[in-house]
Amino acid sequence: MAKTVTPTAIATLLANPSPDSSSEVPEIIVQVVDLKPIGSSTTRFTFMASDGKMKLKAMLPTHFASEINSGKLQNLGLIRILDYTCNSIPNLPDKALIITKCEIVSPALESEIKSETDENRMLLKPKQEVERKSAAQIIHEQRFNAAPAARMAMSRRVHPVCSLNPYQGNWTIKVRVTNKGNLRTYKNARGEGQVFNVELTDEDGTQIQATMFNEAANKFYPKFELGKVYYISKGTLRLANKQFKTVQNDYEMNLNESSIVEEVDGESTFIPETKYNFVKIDQLGPYVNGRELVDIIGVVQNVSTTMSVRRKSNNESIPKREITLADDTNMTVTVSLWNDLATNVGQELLDMVDTAPIIAIKALKVGDFQGLSLSSVTKSTVQVNPDLPETTQLRAWYDSKGKDASMAPVGSSLNLSSTKTGQRSFYSDRVYLAHITEDQTLGQDKPVFFSVKAYVSLIKPDQTMWYRACKTCNKKVTDAIGSGYWCEACQKNADQCSLRYIMVMKASDSSGEAWFSVFNEQAEKIIGCTADELDRIKSEEGDEKFQKKLKEATWIPHLFRVSVAPSEYMSEKRQRITVRAQAPIDYTKEMSYMLEEISRVAVS
C-alpha cells in the first residue's frame, strides 16, 4: 500500500502528548520543514513537523545528528515518529514535540506539502523484498511473548538520556551509576550544607551528571551504589557548567527529596560500564592547572604510606597517599590519593605493589607540583587490574621490557604545549623578562606560562642549593635516631640518601633581569653535574673549585619555560618565577623563529 504524510499527524500528537509506551504510538509520518541546528550545536536540531495542514515545533534526538550530517535526512524530508513526548513551552500556549525515536522515510522531497489533496499527495513505495515492521509492532510482539515480570518492566515508559531537556514534563530514565562522588560538606554565605553527585549512563552510552544537596544528598547517598541500575524520575535539568563538567552532555540533573530513585534488578548487563578517555603520561602537559580532569592508566611503581595533611581552610587533618605510575611512554607520574582513596584503595595497592598492579583512575586534576603531578578529587574512582584492552597492552609491555626500562618523571621533561596537538615549543608565548617583572598582577588567579630566552647571570654560592632526599620518593629526609635517615613519606629508615637541587639563580636578557627558582632536573642541566657531585667538589676540592664550577655555568644562553605565580616572603608579596623546562639553544630553530617574527612585523 502506498504511503504519504499522515493527514492528522499533528492532531494525533497533541491529543496524546505523552503516550505510556512506544507501542501505543500509531503510524505517524510528518514532513521536516525548516530544519536547522540549535545555536552553534552540531548534535541538536530543531524543525517544524508538518502534516500538510498543521505544524508543530519539534526537536530531533541527538543521536540522530549523524543522519543529518551525512545527508540521509534533509530539509523537506519525511520521518516516521516511533516515540515522542509533547511538552509545554514556558510562558507560551504552544507545545514542543520532543522526538525520542524516529526513522527516515524519505531524505528530501522537491517541495513542502501544503495540503492532503490527491493532486499534491506525495506517494512513497514501500520495499517489496522485505516485510517491514514498525517499532510498535516489534515491541507489541515482544510484549506478547514475554513473561509477566518482563511485561511489567516493558510497560514503564523510559526516555533516552539524550532526549532530556529543561522544558520537559514527566520523564523516567533507566541508567547505571558509573561514578559516585563522596558526600561532602560545604560552606557559603547561606550557611553549611552537604552535597554529592553521581554520573549516570543509559543503554545508548549517553551520560549525565546528577547532583543532590542537603536532604536529597542524605536520602540518596546510601541508595546509589556504583555499577547498579536505577529508574529515576521527577528530577530537574539545567545547562551544565562547562568549566566543571566531566561528562559530555549539555545539561546536568538535580535531584531533590521528592525525586524517585528505584533500583532495577537483573537488567544491568546491557548498560555500559565506566567509560575512560585515557591520556598517556607524556601527553599530560597541556592539562596542567586546567579545569579539565583526565583519566589515566599505568603500572604501579611505588606506593607511600599514609600521610596526614592539615587543611588550611579549617585546620582539619586529611589522609594522603602518593603512588607512582608508569606507562609505555617510559615516563612516570606521581598521583596523590586523598581521603578514602588513600586509606582504602591506597592500602590495597601498598599490599600488592610488589606484583606491579595496573590501575585505571578516572577524573584526576593535573597540577604543576614538581613540574607535573596528579591529584584525586571527590569524583575520582580507581580500578585495580581492570578488564580493559589497555590493561592487556600495558601488561604485555611491562613484562617484556617495561620493568627493565629506564623511566623519567614527566615533570623533568615537560615540553608539552598548551594545546593538545603535540610538543610545547620554546618559541610559543615567547616574551622578554621585562614583560614578566613589570606586571605584578600576572598569575593572580592561576599560574601563567611563558617561554624566555635568557642567560644565567648569577648563581649565589652561599645559598642553600640542595636538600637531602629519599632515594625512593625524592622527599626530604631527616637524621634518624642512631644512624641513617628517616623518610616521613615512606615511613622508613635508610642508610643512604641523595642530594637534590633546590636553588635560585639570576637570569638576564636585553630587557632586564629576574630571579628564577630552579629544581633538580633543570639545575642538573644548567650546572652540568648532580648535586651529589657538586657537594663532593666543594668538600674534597675546596671552595675555589666549587665557585669555579658555578661560574662556568653562567653567561650561557638557555631557553626556559617558566611559570609565574604570586608568593609572599616576610609579609612582602612578590613574584615567584619557576623554571618548568630548560633546553639549550638550537640555532637553526632560533633563526627560523626570528625570520617568522620579522615577517610578522613586516606584515603588520
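Considering segment 229-251, the residues that are in contact with an Asp or Glu (Cβ under 6 Å, 6 or more places away or on another chain) and not hydrophobic (A, V, I, L, M, F, W, C) include one that is surrounded by the fewest Cβ atoms within 10 Å (Cβ to Cβ), namely Tyr231. Pairs linking a residue in segment 213-240 that is free of Cβ contacts under 8 Å to residues at least 60 places away in the same chain and farther than 14 Å from Ser259 by Cβ to a residue that is open to solvent by less than 10 Å² (accessible area, probe 1.4 Å) and of a type in the set (S, T, N, Q), with Cβ atoms under 8 Å and 6 or more positions apart or on different chains, are Gly227/Thr178.
Do you know which residues across segment 257-294 are surrounded by 19 or more Cβ atoms within 10 Å (Cβ to Cβ) and either among the polar types (S, T, N, Q) or modelled with pLDDT under 85 (or both)? If the condition is that a residue be surrounded by 19 or more Cβ atoms within 10 Å (Cβ to Cβ) and either among the polar types (S, T, N, Q) or modelled with pLDDT under 85 (or both), then Ile271, Thr274, Gly285, Tyr287, Val288 are the ones that fit. Scanning segment 450-483 for residues that are open to solvent by less than 40 Å² (accessible area, probe 1.4 Å) and in a strand (DSSP E or B) yields Phe450, Ser451, Val452, Ala454, Val456, Ser457, Ala469, Val477.
Only one of the listed residues (Phe64, Phe45) is buried (at least 20 other Cβ atoms within 10 Å of the Cβ) and under 22 Å from Thr172 (Cβ atoms). That residue is Phe64.
With respect to being within 23 Å of Tyr167 (Cα to Cα), modelled with pLDDT of 90 or more and either open to solvent by 20 Å² or more (accessible area, probe 1.4 Å) or in a loop (DSSP other than H, G, I, E, B) (or both), Asn254 fits the description.
Could you go through segment 78-90 and let me know if any residue there is open to solvent by 70 Å² or more (accessible area, probe 1.4 Å) and assigned to a helix (DSSP H, G or I). Checking segment 78-90: not a single residue is open to solvent by 70 Å² or more (accessible area, probe 1.4 Å) and assigned to a helix (DSSP H, G or I).
Looking only at segment 18-31, count how many residues are buried (at least 16 other Cβ atoms within 10 Å of the Cβ) and at pLDDT below 90.
Of the residues in segment 18-31, 5 are buried (at least 16 other Cβ atoms within 10 Å of the Cβ) and at pLDDT below 90.
Selection of segment 25-55 for residues being closer than 23 Å to Asn249 by Cβ and part of a loop (DSSP other than H, G, I, E, B) yields Ile38, Gly39, Ser40, Ser41, Thr42, Thr43, Arg44. Mind listing whichever residues of segment 378-406 are open to solvent by 50 Å² or more (accessible area, probe 1.4 Å) and within 30 Å of Val579 (Cα to Cα)? Ser406, the sole residue that qualifies.
Take the conditions touching a residue at least 60 places away in the same chain (Cβ under 8 Å) and more than 16 Å from Ile29 (Cβ to Cβ) and apply them to Thr46. Does it pass? So Thr46 fails the test.
I'm checking my understanding of the structure. Among residues of segment 98-113 that are among the polar types (S, T, N, Q) and more than 17 Å from His159 (Cα to Cα), which one is modelled with the highest pLDDT?
Residues of segment 98-113 that are among the polar types (S, T, N, Q), as a first pass: 100, 106, 111.
Narrowing the set further to residues that are more than 17 Å from His159 (Cα to Cα) leaves 106, 111.
Numbers: Ser106: 86, Ser111: 80.
By that ranking, first place goes to Ser106.
The values are calculated or read from the model by the stated rules, or taken from the named source; none is laboratory data. Every value quoted in this text rests on a predicted model; they were computed, and no experiment measured them. A quick note on method: Cβ atoms are made from the backbone with ideal geometry, for glycine too, and the neighbour counts reach across all protein chains shown. Each accessible area value is taken on the protein alone, full model and side chains, heavy atoms only, with ligands, DNA and RNA left out. Shrake-Rupley method; radii C 1.70, N 1.55, O 1.52, S 1.80 Å.
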